[in-house]
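The values are calculated or read from the model by the stated rules, or taken from the named source; none is laboratory data. Because the structure is predicted, anything quoted here is derived from the model rather than measured. FYI the Cβ positions are ideal-geometry reconstructions off the backbone, even for glycines, and counts take in every protein chain you see.
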Amino acid sequence: MDISTIIQILFNSLRTGSIVALAGLGIVLIYRTSKATNFAQGSIGTINAFVAGYIAHATGLSIWTSTLIALGTAFLTGVIIDKLFIRPAGRTASPVNKQILTLGIILILTGIMNMNIGILGDLFTPRYPEQFISSSERVMILGRNIQWNTIFIVALSIFLLSAIFLFIQKTRWGLAIRVTASNETAARLMGVPTKTVTMIAWAVAAMLGTIAGIALAPRAPAGLNPGLLIGTQVSAFFAAVFGGFQSFFGPVFAAYIIGFLLSAGRYGMSSYFGQPSIIADLIIYLVILIILYFKPFGIFGKAPERKV
Amino acid sequence: MQTLQRILRVLAQAIRKIIKYIKDRPQMQYILLGTVMFFIGRSILLGDTPSNADYFAQILIYTIVALGLNLLLGFSGLVSLATAAFMGISTYGMHILMENYEVNYFLAALIVLIFAGGLGLLVGVLSLKMQGIYLAIATLFVAHVIGELFRSFEAFNYGESARISEITFFGETSLSGYAQDDRIYLMGIVAIGLILAFVVIHNIVKSPSGRAFMAISRSYHAALAMGISVRRYRLLAFMIATIFAAFGGILYLTYMQSTGSVDRNWNLELSLILLAIVVVGGMKSLPGMLLGAAIIIGIPEFFFTPFEEFLQGFGPLENISLRGFDDIFTGLLIILTILFYPYGAIRIISRLKHTVQSKFQNKPSKGGDAA
C-alpha cells in the first residue's frame, strides 16, 4: 500500500465523516432540545436536496444558488414539522411516542417523494445534481489527484460545525440551547423561550441534513433518490450513540472515526478480500455495538440520572 | 302458533348457550375469527377479482407479524425497524433451504424460526443494555445491512424476488400458487397460521410473563422496583417479535410462492407500515391488529386504486396518479393516532359496544375501556 492510496482513503474518510457529522449533529441537536430521536433526519435532508437538484436543473441556476434556496425550504420544513407534529405532542409524550411520530413523518415525506401530481413528478425525478466545484478541478497531493470539491465539502463542514459549536458555547442563544438541553422545565421557568429554541433546533437540523444530502448526491450510486441518506443516517445514529448523546462534541468526533473506519474497511474488504464492501460495514458496526455493550452511554457520554 | 313460539324459544336459548360457550373460551373466538377470515378469502378467490385475494392474504399475514410487534411496541415500549428485514430473511432462508438443499418444508420452517430467534437474541443482547430507544437504532442498522447483504450475493438472487414452483408437504401433497383450488388451500394455511398466532399471543399475554409485560408498559420504574428484570423481558419480547416476523415471512412465501424483493417488499417502508398497524389498530389490543391491518393495507389497496380510475375518467385528469398517497395516508394516521387517539381504532369499537349495551340496559354510558 503506497502513500497515494493512503491519501485517497484519508480524503474519502474525511468526506464521509463530514457528511455523517453534519447529519449526526442535527440528530443530537433535536435529541437534546426536544427529547426525540429524529429518524426523519435523512428524509428531511433528501426531500430538500431534491429541491436543490430540481431548481438547478429547471432554471439553470448554479448549484450554489439552488443550495441557498433549498436551505430556505429546509428551514421551513423544520419549522413546519416542529409546529405541526412535535409541539402538539407536548412535553408529556413519552420518548417512544415521539420516536413513532418521526417515523410517521418519514412515511409522509416518502409519500411526497413518490407523488406524481403536476410539478411534483418532475421535482422528484432521480437525477445527479452538479458538484459544488466541477470534478475536473483537481489538486495533486502526494501523488494523488484530489478533487477540490472533496476539500471544499470537508472545509465547509468543519467551518459549519465550528460555527455551531461557537454559537452554542459563546452566544446568549447558545446558552438558551444548552439550558433547554439540560432541563427544559427549569429553563422555561427561568424565562428561556424553549419553544423557539426547539423550533430553531429543528430548522438547523433540517438545514444540516440538506447540506449532507446535496454533498452526497452527485457521487451516490443512484444519485438523488428517496433512499439517498439512509446509509448516512445509520452512520449518523451510530456516531451519536458512539460519541454519546449527552455531548455535542462526541458525536462529531465519532462521525469522523466512523468515516475513517468505513473508508478504510471498505477499501480493504474489496481490494484484499474480494468481498462486497457491505461486509466491512457489518464488521465495523458490530464492533461498535460490542464496545457500546461495555460503555452504554458512548465514549464521551456519562450516564444520565434517573428519577422516579 | 304456540308450537312455533316454543321452537323459537328453544332456538334462542340454544343460540344464547352457544354465544356464552364461545364468550367463555377466547380460543374459540380466535378459531371463529380465523374461520370467518378463511371464508372471506375463499369468496374473494372464487369471485370476480381473484387478484384481490393477494391483498387479503397480506392483511392476514401482516396481522400475524403485527401481533408479535405489538408485544414489543405496545407492551414493552420498544420500536423495531427491522421487522420487514426479518420477514425477508425468512422468505429467502426458506427459498434457499427448500430449493438448494431440498429440505422438507416443515424442517426448513423450523430452522428459519430458530435462526430468526437467535438473530433477535444477538441484536437484543447487544442493544438492550442501553436505553430502550437504542433498539430502534440497532434495528435500523440491521435492516440496512440485511438489505445490502441481499443485494450483494447471488444466493439471495441479488435482492430480486425468486419464485418457488410449488410447496410439497409430507412428500406427496404439493400446492402450487397457479392453481385456483390450491390457492384456496393456501389461504386456509394462512388462516390457520392466524389462529395459531392469536392463540399463542393470547396465552403469552395472560401468563405471568404477560403480567410482567403489562407492568413494564404501565411504569418502567415501578416494574423495576417490583423486581421484574425489565431487560430480560424486553429481550424476550424482541425475540418473540422476530420469531413472529419470521413466521409471517414463511406464510408469505407459502401463499405468494415468491420470496418478494428487497427493494419493493422488505424495505424500511414495510417496517413502518407494520408499526402503523400496531399504533393505529390499538397498542396492547389483540383484535386491534386485524383492524389495523385492514385499515392500513385494505383502504389504500381497495379504495385508492378505484378512486384513481374514477378520477381518470374525467377529461383533464386523464393522467392523474395517486402514487405516494398511500404512504401519506399511513403516516398521517400514525401521527393523528399518537396525538389524539392513543388507544387506537379498536377503542371506537369498544365504545360503540358500550353505547349499544347501555341503550338496551338503560344504564348511563360510561365509555369503554381500552380493549
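Before moving on, here are some points about what is shown:
- Scan of the stretch A:87-109 for residues that are without any contact (Cβ under 8 Å) to a residue 60 or more places away in the chain, more than 20 Å from residue A:194 (Cα to Cα) and either more than 7 Å from every other protein chain (Cβ to nearest Cβ) or not in a helix (DSSP H, G or I) (or both), ordered by number: none
- Candidates A:112, A:119, A:141 - the one that is buried (at least 18 other Cβ atoms within 10 Å of the Cβ) and either at pLDDT 85 or above or more than 8 Å from chain B (Cβ to nearest Cβ) (or both): A:112
- Pair list, Cβ < 6 Å and 6+ apart or interchain, from the stretch B:104-131 residues that are within 14 Å of chain A (Cβ to nearest Cβ) and free of Cβ contacts under 8 Å to residues at least 24 places away in the same chain to residues that are of a type outside the set (Val, Ile, Thr) and surrounded by fewer than 20 Cβ atoms within 10 Å (Cβ to Cβ): B:126/A:293; B:130/A:296
- Filtered residues of the stretch B:142-190 (kept if touching a helix residue (DSSP H, G or I) at 6+ places or on another chain (Cβ under 7 Å), farther than 28 Å from residue B:50 by Cα and not hydroxyl-bearing (Ser, Thr, Tyr)): B:142, B:143, B:144, B:145, B:146, B:147, B:148, B:149, B:150, B:151, B:155, B:156
- The stretch B:303-324, residues that are outside any helix (DSSP H, G or I) and more than 11 Å from chain A (Cβ to nearest Cβ): B:313, B:314, B:315, B:316, B:318
- Restricting attention to the stretch A:212-238, the residues that are more than 10 Å from chain B (Cβ to nearest Cβ) and surrounded by fewer than 24 Cβ atoms within 10 Å (Cβ to Cβ) total 7.
- Residue, farthest from the other protein chains (Cβ to nearest Cβ), within the stretch B:155-180, restricted to residues that are more than 25 Å from the chain's Cα centre (by Cα) and farther than 17 Å from residue B:98 by Cβ: B:179
- One residue alone among B:147, B:159 is within 30 Å of residue A:42 (Cβ to Cβ) and at pLDDT below 85, and that residue is B:159.
- Residue match in the stretch B:274-287 (condition: surrounded by fewer than 23 Cβ atoms within 10 Å (Cβ to Cβ), free of Cβ contacts under 8 Å to residues at least 40 places away in the same chain and not in a loop (DSSP other than H, G, I, E, B)): no
- Of the residues B:118, B:171, B:88, B:77, the single one that is modelled with pLDDT under 85, under 25 Å from residue B:198 (Cα atoms) and not aromatic (Phe, Trp, Tyr) is B:77.
- Of the residues making up the stretch A:218-238, those that are outside any loop (DSSP other than H, G, I, E, B) and touching a Leu at 6+ places or on another chain (Cβ under 8 Å) are A:230, A:232, A:233, A:234, A:235, A:237.
- Selection status of residue A:61, farther than 30 Å from residue A:2 by Cα, within 11 Å of chain B (Cβ to nearest Cβ) and either among the hydrophobic types (A, V, I, L, M, F, W, C) or over 22 Å from the mean Cα position of the chain (by Cα) (or both): no
- Test: residue in the stretch B:11-23 that is touching a residue at least 60 places away in the same chain (Cβ under 8 Å) and of a type in the set (A, V, I, L, M): no
- Residue in the stretch B:70-88 that is in contact (Cβ under 8 Å) with a residue 12 or more places away in the chain, of a type in the set (A, V, I, L, M) and within 18 Å of residue B:291 (Cα to Cα) present: yes
- Near pairs, Cβ below 9 angstrom, 6+ apart or cross-chain, from the stretch A:179-193 (at pLDDT below 85) to any residue that is exposed (fewer than 12 other Cβ atoms within 10 Å of the Cβ): A:184/A:91; A:185/A:91
- Residue check, residue A:44 within 28 Å of residue B:271 (Cβ to Cβ), within 14 Å of another protein chain (Cβ to nearest Cβ) and either crowded, with 24+ Cβ neighbours inside 10 Å or among the hydroxyl-bearing types (Ser, Thr, Tyr) (or both): yes
- Flag not set for residue B:93, criterion: under 26 Å from residue B:263 (Cβ atoms) and either of a type in the set (A, V, I, L, M) or within 14 Å of chain A (Cβ to nearest Cβ) (or both).
- Test: residue in the stretch A:55-64 that is surrounded by 24 or more Cβ atoms within 10 Å (Cβ to Cβ) and under 28 Å from residue A:107 (Cα atoms): no
- The residues of the stretch B:16-45 that are surrounded by fewer than 12 Cβ atoms within 10 Å (Cβ to Cβ), of a type in the set (A, V, I, L, M) and either at pLDDT 90 or above or under 30 Å from residue B:179 (Cα atoms) (or both) amount to a single one, B:36.
- Listed by position, the helices (runs of 4 or more DSSP H) enclosed by the stretch B:177-269 that each have at least 2 residues that are in contact (Cβ under 8 Å) with a residue 12 or more places away in the chain and in contact with a Gly (Cβ under 9 Å, 6 or more places away or on another chain) are B:180-206, B:208-218, B:230-256.
- Looking across the stretch B:212-240, the residues that are among the polar types (S, T, N, Q) and more than 15 Å from residue B:133 (Cα to Cα) come down to B:219, B:229.
- In the stretch A:269-278, the qualifying residues are those that are more than 8 Å from every other protein chain (Cβ to nearest Cβ) and of a type outside the set (Phe, Trp, Tyr), and the one that is farthest from residue B:153 (Cα to Cα) is A:271.
- The stretch A:289-308 residues that are facing chain B (nearest Cβ under 10 Å) and on the phi < 0 side of the Ramachandran plot, paired with ones that are assigned to a helix (DSSP H, G or I) and modelled with pLDDT of 70 or more (beta carbon under 6 Å, 6 or more apart): A:289/B:126; A:293/B:126; A:308/B:221
- Residue in the stretch B:325-358 that is farthest from the other protein chains (Cβ to nearest Cβ), counting only those that are under 28 Å from residue A:81 (Cα atoms) and small (Gly, Ala, Ser): B:345
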